[in-house]
Amino acid sequence: MSQPQMRRAIESGVPDNRQFLHPLLIKNYGNWKYHDRPRPGVLHHVSHSGDEVWTVRAGTQRQMDVHTIRKLCDIADSHAESHVRFTIRSNIEFMVSSFAKVAPLISALESNGFPVGGTGNSVSMIAHTQGWLHCDIPGTDASGAVKALMDELIGEFRSEQMPNRVHLSTSCCEINCGGQADIAIIIQHTKPPKINHDLVANVCERPAVVARCPVAAIRPALVNGKPSLEVDEKKCICCGACYPPCPPMQINDPEHSKFAIWVGGKNSNARAKPTFMKMVAAGIPNNPPRWPEVSEVVKRILYAYKADARAWERLSDWIERIGWPRFFEKTELPFTKYLVDDWRGARMNLNASTHIRF
Ligand code: SF4
Ligand code: SF4
């Protein structure tokens, strides 16, 4: 009699990555002796078994059409033993088992428009959020702002001349799904939402919208005899959190949705604890197609950090050492009481500090 078969669980999460790894990475998994970087954009791993792997990292545009992905796969087939992987910042990496294959791989990537770099103390690829391609609430085109900025910073991507690695990100709403970064560019709404009362009753689940507001500024209301919502504009912090569950609470605005720059975010535990970002510039125009005002502020911060930070200081470590007043002096950014800590109660927080008083 045959044994009853157990039903296998249906897994819908991330697949086991080992089935896609380069054979040398599987063979030497967890058995590496050391690694170094022979040049910017190239990692060299040596295992205890004597095997060596060279990894070439290149920048991509992150949101890629199928032709670009095919081109990258063709490069992997012809020059990189048919294996690729993406990093969390959307760099693409090709692994090869001999040093002789590195130079032809680099020249294939560069000649197809994929710059090689992003390793070590460089400005790695800028992480950006989905934007209009996948999301329904953006106030700007994150990938466009990234393209304009990276055109100016490509030299810092190709070289390793920063005090430590620099992670940048761009987010197209204040929900900021781009997350923490050394320098983050984030949409900043400056006016409360404008409510289209004719649509609220049909489109929005009002209790869910009321619950969404972090400062309890929304309450149900009857407007022109119809159920709707109202906003206490004195309380509203213009965060935009009510807009995703209720699109008639329109907050995006070509003039009043601006950009803000935040600095000092870090996720890793290396050398110092993880840190949250703080806002250091606000009200920057949302000015497509090249956002020059955004690039100008980011470059000011980046180059002040490059000139003044000690070796291995991340941007947050540098600010921690020199203090906020000197950060604003060195970057020549104007300080206002709304910066650094942007919460409505920040007046108390900042005046309680020995570093900043106003
Ligand atoms: S940052 Fe905001 S608008 Fe942009 S993709 Fe993320 S959630 Fe959507
Ligand atoms: S923008 Fe934010 S603070 Fe203002 S009403 Fe909407 S959820 Fe509340």
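With r as the distance between the Cβ atoms of Glu293 and Lys226 and R0 = 56 Å, compute the FRET efficiency 1/(1 + (r/R0)^6) and round to 0.05.
Details: r = 41 Å, r/R0 = 0.74.
The value I calculate is 0.85.
Under the Karplus relation 6.51 cos²θ - 1.76 cosθ + 1.60, θ = phi - 60°, what is the ordered set of whole-Hz ³J(HN,Hα) values for segment 92-101, x standing for Gly and Pro?
For segment 92-101, the Karplus-derived couplings read 9, 10, 10, 10, 10, 9, 9, 4, 4, 8 Hz, x marking Gly and Pro.
Going by how many other beta carbons lie within 10 Å of each one, how would you line up Arg39, Arg89, Arg70, fewest first?
Arg70, Arg39, Arg89
What's the angle, to the nearest 10 degrees (0 to 90), between helix 102-111's Cα axis and the longest principal axis of the chain?
Between helix and principal axis, roughly 40 degrees.
At a 4.7 angstrom Cβ threshold, list every cysteine in the chain that has nobody to pair with, or say none.
Singleton cysteines: Cys73, Cys135, Cys172, Cys173, Cys177, Cys213, Cys236, Cys238, Cys239, Cys242.
Starting from segment 177-233, pick out the GluC sites (Glu not before Pro) whose DSSP state is loop and whose Cβ has at most 14 other Cβ atoms within 10 Å.
Numbers: sites: Glu205, Glu230, Glu233; in loops: Glu205, Glu233.
Those satisfying the criteria are Glu205, Glu233.
What is the fewest-to-most order of Ser159, Ser82, Ser47, Ser171 by other Cβ atoms lying within 10 Å of their Cβ?
Ser82, Ser159, Ser47, Ser171
Within segment 286-337, which trypsin sites (Lys or Arg not before Pro) sit in a loop by DSSP and count at most 14 neighbouring Cβ atoms inside 10 Å?
Values: sites: Arg290, Lys299, Arg300, Lys306, Arg310, Arg314, Arg321, Arg326, Lys330, Lys337; in loops: Arg290, Arg310, Arg314, Lys337.
Those that pass, being in a loop and sparsely packed, are Arg310, Lys337.
Calculate, in whole percent, how much of the Cα-Cα pair population of the chain lies beyond 33 Å.
Distances greater than 33 Å cover 42 percent of the Cα pairs.
Mean residue ellipticity at 222 nm from the helices of the chain, using -39,500 (n - 2.57) per DSSP H segment of n ≥ 4 over the full residue count, to the nearest 500 deg cm²/dmol?
About -8000 deg cm²/dmol.
Taking K and R as +1 and D and E as -1, what net charge do the other residues with C-beta under 14 Å from the C-beta of Ile106 add up to?
Counting the neighbours of Ile106, the net charge comes to +3.
Can you tell me the 0 to 90 degree angle between the C-alpha axis of helix 142-158 and the longest principal axis of the chain, rounded to 10?
For helix 142-158, the angle is close to 40 degrees.
Work out the P(r) tail for segment 1-66: percent of alpha carbon pairs separated by more than 13 Å, whole number.
76
Rg and Dmax of segment 100-217 over Cα atoms: what are they, in angstrom?
Final numbers for Rg and Dmax: 20.1, 68 Å.
Give me the lysines in straight-line cross-link reach of Lys194: C-alpha distance below 25 Å, same-chain residues under 8 apart excluded.
Output for Lys194: Lys226, Lys234, Lys235, Lys258.
Just to check, using Stokes-Einstein with a Kirkwood Rh over alpha carbon pairs, what's the diffusion coefficient of segment 215-341 at 25 °C and 0.890 mPa s in µm²/s? Write down the numbers at each step before the final one.
On the way: Rh = 17.5 Å.
It diffuses with D of about 140 µm²/s by this estimate.
To make sure I understand, if each residue's beta carbon is the centre and we count other beta carbons within 10 Å, what order do Leu222, Leu25, Leu109 fall in, fewest to most? Kindly include the intermediate steps, with their values, before the conclusion.
Working: Leu222 10, Leu25 20, Leu109 23.
The order, fewest Cβ neighbours first, is Leu222, Leu25, Leu109.
Net charge within 15 Å of Glu152 by Cβ-Cβ distance, Lys/Arg positive one each and Asp/Glu negative one each, not counting Glu152 itself?
+2
If a/c stays under 1.5 just call it rounded; otherwise compare a/b with b/c (prolate if a/b is bigger, oblate if not). Do that for segment 1-138, with a ≥ b ≥ c from the square roots of the Cα gyration tensor eigenvalues.
Because a/c hits 1.5 or more and a/b fails to exceed b/c, segment 1-138 counts as oblate.
Can you tell me the 0 to 90 degree angle between the C-alpha axis of helix 292-308 and the longest principal axis of the chain, rounded to 10?
It is inclined by approximately 60 degrees.
Please give me the summed charge of the neighbours of Gly30: other residues whose Cβ is under 15 Å from its Cβ, Lys and Arg +1, Asp and Glu -1.
That sum, taken over residues with Cβ under 15 Å, equals +2.
Taken together, the values in this text are just the output of simple stated rules run on the coordinates, not laboratory data. Note that the structure is predicted; figures quoted are calculated from it, not measured. Please note: Cβ atoms are built from the backbone with ideal geometry, for glycine as well, and neighbour counts cover all protein chains shown.
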